[in-house]
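The values are calculated or read from the model by the stated rules, or taken from the named source; none is laboratory data. Remember, predicted model here, so these are calculated numbers, not experimental data. Cβ sites come from the backbone with ideal geometry, for glycine too, and all protein chains shown count toward neighbours. Just so you know, the surface numbers come from the protein's heavy atoms only, side chains and all, with ligands and any DNA or RNA stripped out. Shrake-Rupley method; radii C 1.70, N 1.55, O 1.52, S 1.80 Å.
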Amino acid sequence: MALSYGLFICLLLWGGTELCYSQPVWQGGAYRRLSSKPPLVVECREAQLVVTVSKDLFGTGKLIRPADLTLGPEGCEPLASMDTDDVVTFEVGLHECGNTVQVTEDALVYSTFLLHNPRPVGNLSILRTNFAEVPIKCLFPRQGNVSSQAILPTWVPFRTTVFSEEKLAFSLHLMEENWSAKKRSPTFQLGDIAHLQAEVHTGSHVPLRLFVDHCVATPTPDRNTYPYHTIVDFHGCLVDGLYDASSAFKAPRPGPETLQFTVDMFQFVNDSRNMVYITCLLKVTLADRVPDQLNKACSFSKSSNSWSPVEGTADICQCCNKGSCGIPGRSRRLVGQSHKSAPRSRRHVTETADVTVGPLIFLGKASDRGVEKSTSSLTSVMLGLGLAMVASLALVTIVLGLTRRRQAASHPVMYPVYASQ
């Protein structure tokens with residue numbers, strides 16, 4: 001049977017059980033016990049240690065003096081108390097008074113001791129109590145929470161960050177022809193090729209793979225405006241390459257978080273605005289996820305008359321011919337259909353974002369270039385005539401100058417000379 005706490009303290013103090021019980025004292029023809037309270041009570045708080053010591057520490061009726069008690073190697077003194085108090089109290093921090101801490105597999109253990117070092121009273125040379133050192137330990141389980149308040153995690157799980165906080169940074173940029181840097185000027189001529197780079201900055205997340213789910217071109221930043229032209233559709237099919245264009249995804253990728261593609265520039269018919277905005281729905285999946293019909297990057301090759309993916313098997317692009325990939329009715333802004341924004345599915349998509357690049361500015365339409373050419377020709381003719389006139393005037397001036405010099409030489413001028421007397 002386990003020993004009681006008070007019996008345990010008595011064993012530490014006396015080394016036996018004979019004096020571990022309150023001793024009966026004769027008083028008025030009857031016996032009474034001097035004390036029924038525990039000699040020592042230890043309270044381990046979140047950041048403090050509270051030790052309450054009974055003045056009848058030994059249970060003999062001989063009260064100890066508070067000045068004879070100290071706590072820890074540094075000898076911390078107890079709180080002030082009245083002579084009438086029955087207990088002496090220590091209240092210190094867990095790391096104060098020279099307390100030591102030890103980390104075990106299951107717990108944090110703070111260790112110290114209570115020291116009773118009696119000294120003679122006044123001029124007496126006798127002691128009526130014993131020297132004692134009582135070890136004290138506080139154990140805090142490492143698997144539990146020692147605070148009554150809720151614990152906030154110091155880290156945020158990846159899925160929580162992606163689904164709840166959505167911290168990923170998506171971007172879409174115009175690039176130079178060699179993909180080495182962002183394009184300095186957004187100007188184009190019809191027939192030029194725009195180089196577009198989609199990217200996601202993952203930060204400290206696990207590796208992700210980026211896809212361009214849908215792209216639409218409009219004359220204003222509003223993707224819902226009219227007219228419009230669909231560039232990418234059906235969850236990653238670059239449908240602009242089906243027509244009289246060489247638009248395609250670039251393979252291989254620079255990295256899983258980057259996807260590059262080219263678009264042959266165009267203009268909207270009967271629209272006076274010489275600018276185009278391209279808005280793309282970008283999304284990411286885990287990098288180790290195998291591409292499928294909902295997550296792909298497919299380009300059409302006119303030479304082979306077939307679709308090919310940037311990565312994955314060729315069968316994931318077969319749905320591009322049918323115009324239905326994955327979930328029916330998911331395509332947006334198909335030719336001949338009214339425009340409706342398709343809902344976003346997050347069953348297989350970790351994160352999505354709509355990103356717009358533009359305006360892409362045209363320097364001139366076809367008719368404008370004809371006028372520019374005629375104007376340039378007329379300017380060249382006028383410039384030639386002007387130069388001829390200047391040359392003629394210069395030649396006439398030179399001839400006149402030479403003629404005057406010859407006339408001056410054939411008619412000398414006589415100057416009078418005066419001699420002095």
Region 169-193 residues that are free of Cβ contacts under 8 Å to residues at least 40 places away in the same chain, paired with ones that are open to solvent by 40 Å² or more (accessible area, probe 1.4 Å) and part of a strand (DSSP E or B) (beta carbon under 8 Å, 6 or more apart) = A169/H201; E176/K182; E177/I193; K182/H173; K183/H173
Exception for S377 within (1) open to solvent by 20 Å² or more (accessible area, probe 1.4 Å); (2) at pLDDT 50 or above; (3) closer than 30 Å to R209 by Cα falls at (3)
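From S304, S338, which residue is surrounded by fewer than 15 Cβ atoms within 10 Å (Cβ to Cβ), more than 28 Å from L174 (Cα to Cα) and modelled with pLDDT of 90 or more? Talk me through it step by step, then tell me what you get.
On the way: S338 fails: modelled with pLDDT of 90 or more.
Exactly one of S304, S338 is surrounded by fewer than 15 Cβ atoms within 10 Å (Cβ to Cβ), more than 28 Å from L174 (Cα to Cα) and modelled with pLDDT of 90 or more, namely S304.
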Looking only at region 189-213, which residues are within 26 Å of N270 (Cα to Cα) and either among the β-branched types (V, I, T) or open to solvent by 10 Å² or more (accessible area, probe 1.4 Å) (or both)?
-> Q189, L190, G191, D192, I193, H195
Set V88, V92, V53: member being under 48 Å from the mean Cα position of the chain (by Cα) and closer than 18 Å to P135 by Cα = V92
When every residue in region 67-101 that is open to solvent by 50 Å² or more (accessible area, probe 1.4 Å), assigned to a strand (DSSP E or B) and out of contact with any Ser or Thr (no Cβ under 7 Å at 6 or more places or on another chain) is compared, the one farthest from R45 (Cα to Cα) is V101
Might you let me know whether region 38-58 holds any residue that is loosely packed, with under 12 Cβ neighbours inside 10 Å and modelled with pLDDT under 80?
-> no
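Give the residue, chosen from R273, R289, that is open to solvent by 10 Å² or more (accessible area, probe 1.4 Å), within 21 Å of V357 (Cα to Cα), part of a loop (DSSP other than H, G, I, E, B) and not small (G, A, S). Steps first, answer last, please.
Numbers: R289 fails: within 21 Å of V357 (Cα to Cα).
So the residue among R273, R289 that is open to solvent by 10 Å² or more (accessible area, probe 1.4 Å), within 21 Å of V357 (Cα to Cα), part of a loop (DSSP other than H, G, I, E, B) and not small (G, A, S) is R273.
If we scan region 16-33, do we find a residue that is modelled with pLDDT of 55 or more, surrounded by 11 or more Cβ atoms within 10 Å (Cβ to Cβ) and not acidic (D, E)?
First, pick out the residues of region 16-33 that are modelled with pLDDT of 55 or more: none.
There is no residue in region 16-33 that is modelled with pLDDT of 55 or more, surrounded by 11 or more Cβ atoms within 10 Å (Cβ to Cβ) and not acidic (D, E).
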For region 112-122, name all the residues that are open to solvent by less than 30 Å² (accessible area, probe 1.4 Å) and in contact with a Ser or Thr (Cβ under 6 Å, 6 or more places away or on another chain).
-> P118
May I ask you to list the residues in region 215-251 that are charged (D, E, K, R) and open to solvent by less than 30 Å² (accessible area, probe 1.4 Å)?
-> D233, D240
